[in-house]
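Note sheet for the following structure.
The values are calculated or read from the model by the stated rules, or taken from the named source; none is laboratory data. Quantities reported herein were computed from a predicted structural model and do not represent experimental measurements. Quick reminder, even Gly has a Cβ in these numbers, built from the backbone with ideal geometry, and neighbours come from all protein chains shown.
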Amino acid sequence: MRLQDHVQAGSEIPGRPSAPARRGAAVWMSVAFGAALAMAVGILVSRGAGVSGVDAALRATARLGFAFFWLSYAGGALVALFGPAFDPVKRRGREFGLAFACVLVVHLCLVGWRCWIGAAPSVRTFAIFGAAAICTGLLALFSTDRLGKALGAKGWWTLRNVGLNYITFAFAFDFLRPGRQMTGQYLLEYLPFATLVVLGPVLRLLAWLKADLAPRPPRAARPRVVDLPGGASPPADLA
């Protein structure tokens, strides 16, 4: 399959969602934001608003956001590889993506509080995860009807693929960071998410290969035009 075919297959410009779809997106966004906020507040109340408590809240909201992001990222590949049982996940890809963006708002507020108390993350952390936050904002912004059409099919395909894969890289940078001890706490906090962050790109690659290797339907043969003497019309079996 040519690159142009892949662009055409995955570049559906976001259209204006129906009223039920808008209500569904609002519900998912509200639930995600409320869950992230409740989680962050609960951790800060129980562990304090110092660096230790903020870091625990950051880890928790990052994992909650990743769950929504992964469903949005891998939904299409799951359908391509395992069939229509995963159609509900694929259909809600935009809702899951917007839910992830809402969790990210809470996460960034925690980052801001960490800076306020004098424990700002490193420049490298700001660069890597700041770029991922910008990608998330752009994807949410251009998933709207008007801006999506203004961007165009190829622009949306590029933004979607570059943005989603960069966000995956940022999560992988966190979950797969070397040097952690294989303790029970590590297995609980990191191993499931490290597995998923590797599995997501693998699923998308396998789905791409399946589409690329699928037999293409033969092109319709062009009718043969036979010029007969005197301009007579050819018989039907020669046309």
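To keep it simple, each residue is scored yes or no on (1) under 19 Å from THR125 (Cα atoms); (2) not polar (S, T, N, Q).
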{"residue": "VAL27", "(1), (2)": "no, yes"}
{"residue": "GLY34", "(1), (2)": "no, yes"}
{"residue": "VAL41", "(1), (2)": "no, yes"}
{"residue": "GLY48", "(1), (2)": "no, yes"}
{"residue": "SER52", "(1), (2)": "yes, no"}
{"residue": "ALA57", "(1), (2)": "yes, yes"}
{"residue": "THR61", "(1), (2)": "yes, no"}
{"residue": "GLY65", "(1), (2)": "yes, yes"}
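Please state which one of ALA38, ALA32 is hydrophobic (A, V, I, L, M, F, W, C) and surrounded by 12 or more Cβ atoms within 10 Å (Cβ to Cβ). Working first, answer last.
Values: ALA38 fails: surrounded by 12 or more Cβ atoms within 10 Å (Cβ to Cβ).
The match here is ALA32.
Between LEU44, LEU110, LEU81, which is within 19 Å of the chain's Cα centre (by Cα) and of a type outside the set (S, T, N, Q)? First the steps, then the outcome.
Working: LEU44 fails: within 19 Å of the chain's Cα centre (by Cα); LEU110 fails: within 19 Å of the chain's Cα centre (by Cα).
Result of the check over LEU44, LEU110, LEU81: LEU81.
Yes/no matrix, rows are residues, columns are (1) part of a helix (DSSP H, G or I); (2) of a type in the set (Val, Ile, Thr); (3) more than 22 Å from TRP28 (Cα to Cα); (4) free of Cβ contacts under 8 Å to residues at least 12 places away in the same chain:
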residue: TYR73; (1), (2), (3), (4): yes, no, no, no
residue: TRP113; (1), (2), (3), (4): yes, no, yes, no
residue: ARG124; (1), (2), (3), (4): yes, no, yes, yes
residue: GLY148; (1), (2), (3), (4): yes, no, no, no
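Can we say LEU58 is over 11 Å from the mean Cα position of the chain (by Cα), in a helix (DSSP H, G or I), surrounded by 19 or more Cβ atoms within 10 Å (Cβ to Cβ) and of a type in the set (A, V, I, L, M)? Lay out the reasoning, then the answer.
On the way: over 11 Å from the mean Cα position of the chain (by Cα): yes; in a helix (DSSP H, G or I): yes; surrounded by 19 or more Cβ atoms within 10 Å (Cβ to Cβ): yes; of a type in the set (A, V, I, L, M): yes.
Criteria met by LEU58.
Only one residue in CYS109, CYS102, CYS115 is crowded, with 19+ Cβ neighbours inside 10 Å and within 21 Å of LEU37 (Cα to Cα). Which one?
Numbers: CYS109 fails: crowded, with 19+ Cβ neighbours inside 10 Å; CYS115 fails: crowded, with 19+ Cβ neighbours inside 10 Å.
When all the criteria are applied, what remains is CYS102.
Return the pairs, sorted by first residue and then second, in which the second residue is among the aromatic types (Phe, Trp, Tyr) and modelled with pLDDT under 95, the first residue lies in segment 179-201 and is under 17 Å from LEU164 (Cα atoms), the beta carbons are less than 6 Å apart, and the residues are 6+ apart or on different chains.
The qualifying pairs are PHE193/PHE175; ALA194/PHE175; VAL197/PHE175.
Which residue, of GLY15, GLY93, is small (Gly, Ala, Ser), within 17 Å of the chain's Cα centre (by Cα) and modelled with pLDDT under 95? Outline the logic, then answer.
On the way: GLY15 fails: within 17 Å of the chain's Cα centre (by Cα).
Just a single option satisfies the conditions, and that option is GLY93.
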